[in-house]
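Have a look at the structure below, then the notes.
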Amino acid sequence: MELLVTGLIIAVTAVLLVYSWGNKVKHSRLPPGPPALPFIGNSLHIDKRAPDRSLIQLSRKYGPVFTVWLGPRPAVVLCGFEAVKEALVNQADDFGARGTVPSIRKVTNGYGIASSNGHRSRQLRTFAISALRDFGNGIKTLEDFIRQEAECLVEVFKKTGESPFDPTFQLTSATANIMCAIVFGNRFDYKDPKLLTLLSMIDENMKVISSPWGQLYDLLPNLLDRLPGPHNRLFENADKIKNFLREMIQVHKDTHTEGKPQDFIDSFLIKMEEEKDNPRSEFSDENLLLSTFNIFLAGTDTTSSTMRWGLLLFLKYPEVQEKIQSEIDRVIGMERTPCIGDREKMPYTNAAIHEIQRYSNIIPLNLPHTVTRDTEFRGFLIPKGMIVIPLLASVLYDPCCWETPESFNVDHFLDERGHLKEKEAFLPFSIGNRMCIGEKVAQMQLFIFLTTLLQNFTIGSLEEPSAIDISPLSSGFSTLHRPYQLYCIPRKSARRPARE
Ligand code: HEM
């Protein structure tokens with residue numbers, strides 16, 4: 001028996017040695033990294049509830065550019081502002097491709113803005129950026145839609161009386177409605193069963209993808225595809241969302257008036273018609289479906305989650321809330337809803353929103369990138385197609401760029417005269433060829449929604465500020481805050497917003 005066990009140990013050790021030697025030879029000019037085990041790679045080095053923190057920790061030992069094995073696949077991690085900027089800006093063409101992870105590949109099959117590369121990605125990105133910029137139906141601009149939605153949000157907050165509630169549902173409904181306005185030209189009532197179903201699926205998917213199950217799927221997809229578990233809900237929900245979008249696209253095909261785009265789908269259909277004789281056109285049904293899917297998903301939970309973090313931070317730091325309210329009273333008053341033109345006259349509010357985005361770090365790992373060819377970087381060679389993780393958490397918390405990276409500090413964005421201080425390392429939307437296309441839309445929503453809420457209410461918590469825990473619950477794909485409740489007290493002189 002003893003002999004058998006010893007034999008087994010020798011055999012396993014031999015396999016491990018041959019495997020890691022093989023990897024070393026194959027990837028000899030890769031950046032250094034922790035030793036990896038067969039099949040599971042560096043899983044044991046990475047905390048599934050806070051992978052960003054584990055990677056930052058590893059960079060302390062292996063430097064700002066290092067290799068980790070995600071299961072059987074190696075990935076290069078870029079850590080800190082300098083390394084991320086050098087890759088995504090100075091070598092933008094090399095690092096500007098989207099890396100695929102198995103879960104995303106399974107849902108998109110390489111179609112749509114966010115998962116495509118090369119010619120397809122360039123066509124779809126250029127089109128989507130201009131469609132978002134020109135959004136509006138001639139009567140209403142995007143800003144009008146957001147201001148109107150902010151008023152609806154005030155109404156639903158009012159209905160809670162002064163009782164404590166979890167604001168997730170209301171805030172996600174508001175941001176989902178802005179995405180609905182952009183994609184299909186209409187909003188839903190917050191009680192509409194269609195909206196409720198969509199939101200519950202998006203919510204569940206964000207939770208699964210940020211959970212250890214989501215990460216495990218990307219490590220071992222072939223195995224997990226054969227096993228039951230919550231990861232399967234990810235794909236069931238994605239299919240249902242796609243079916244809903246297919247129906248909306250069909251309605252647009254049946255009803256849209258030539259040359260009069262009302263929304264993203266209309267504009268795309270017009271482009272499809274214009275390009276129908278171009279064999280290199282990427283304006284196809286599949287790309288329309290997946291691009292609307294991308295915008296809808298990328299735009300809904302991100303903005304809502306940032307606002308939820310914002311309100312939680314106002315509960316923790318009531319003095320920040322008070323300062324924003326004084327600025328609102330001075331610049332906007334109570335007689336009209338906030339508009340985006342107010343932002344430049346409100347440096348404190350603007351700085352606080354920047355700091356909310358920095359601190360909440362909602363896409364800590366960024367979306368995966370890859371290199372478009374074998375790429376020399378800081379003396380290493382990254383082979384074409386290898387996953388690259390430009391770690392946004394390491395930029396937003398880079399001790400070389402922020403005075404107090406671990407604490408919420410509005411002064412990060414204020415100069416000595418109280419003016420907004422732009423910071424190069426403020427990269428919640430990433431940078432370079434694949435940076436977020438919804439930055440302006442998100443920033444407009446954050447400003448108008450948060451100022452409209454604080455114009456109308458003071459928010460409070462049943463817990464003492466000192467007892468409120470603002471550390472993340474988990475940070476896989478997204479950094480999730482801990483569940484919390486707030487109550488809102490109407491401000492004495494707050495007017496009832498008039499509908500436009
Ligand atoms: C606070 C809100 C948001 C944050 C923090 C955020 C952040 C990001 C990040 C980090 C990326 C990946 C960039 C990269 O790969 O380098 C991204 C991509 C993307 N975002 Fe956003 N985003 C937000 C809101 C939005 C909104 C409102 C929209 C739609 C209107 C949107 C649409 C997209 C799309 C389509 C991509 C894929 C771009 C590509 O692959 O070329 N995002 N976003």
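Points worth noting:
- Modelled label positions at K106 and R417, each set 7 Å beyond Cα in the direction of Cβ, lie 5.6 nm from each other.
- Violating pairs (Cα-Cα greater than 30 angstrom) within the set K159/K316; K242/K423; K207/K440; K207/K345: K242/K423; K207/K345
- In this Cβ point-charge picture (+1 for Lys and Arg, -1 for Asp and Glu), the range 44-156 has a dipole of about 660 debye about its Cα centre.
- Ranked by how many other beta carbons lie within 10 Å on average, peptides 465-477, 54-66 from highest: 54-66, 465-477
- Taken about its Cα centre, the chain carries a charge dipole of roughly 740 debye when the Cβ of each Lys and Arg holds +1 and the Cβ of each Asp and Glu holds -1.
- In the chain, taking the dipole from charged Cβ atoms about the Cα centre, the farthest positive-side position among P483, P164, I56 is held by I56.
- Trypsin sites (Lys or Arg not before Pro) lying in DSSP loop within the range 228-321, provided at most 15 other Cβ fall within 10 Å: K276, R280
- Between the beta carbons of E162 and E322, assuming R0 = 22 Å, the FRET efficiency works out to 0.75 to the nearest 0.05.
- Percentage relative contact order, the chain, counting C-alpha pairs under 8 Å, at least six apart: 24
- In the context of the full set of protein chains, residues of the range 31-490 present 42 Å² of accessible surface per residue (probe radius 1.4 Å, heavy atoms only).
- DSSP H segments from the chain that extend 27 Å or more along their own axis, Cα-based, with Kyte-Doolittle mean of -0.5 or above: 2-26, 285-316
- Counting only lysines at least 8 places from K158 when in the same chain, those with an alpha carbon closer than 19 Å to its own are K191, K492.
- Accessible surface of the chain, 1.4 Å probe, proportion on carbon and sulfur as whole %: 57
- Positive dipole terminus of the range 248-379, leading residue within N294, S305, M272 (C-beta point charges): S305
The values are calculated or read from the model by the stated rules, or taken from the named source; none is laboratory data. The shown structure was predicted, so the numbers you read here are calculated from the model rather than taken from an experiment. Because the Cβ atoms are built from the backbone with ideal geometry, glycine has one as well, and the counts that use them run over all protein chains shown. The area values use the complete protein model at the heavy-atom level, side chains included, leaving out ligands, DNA and RNA. Shrake-Rupley method; radii C 1.70, N 1.55, O 1.52, S 1.80 Å.
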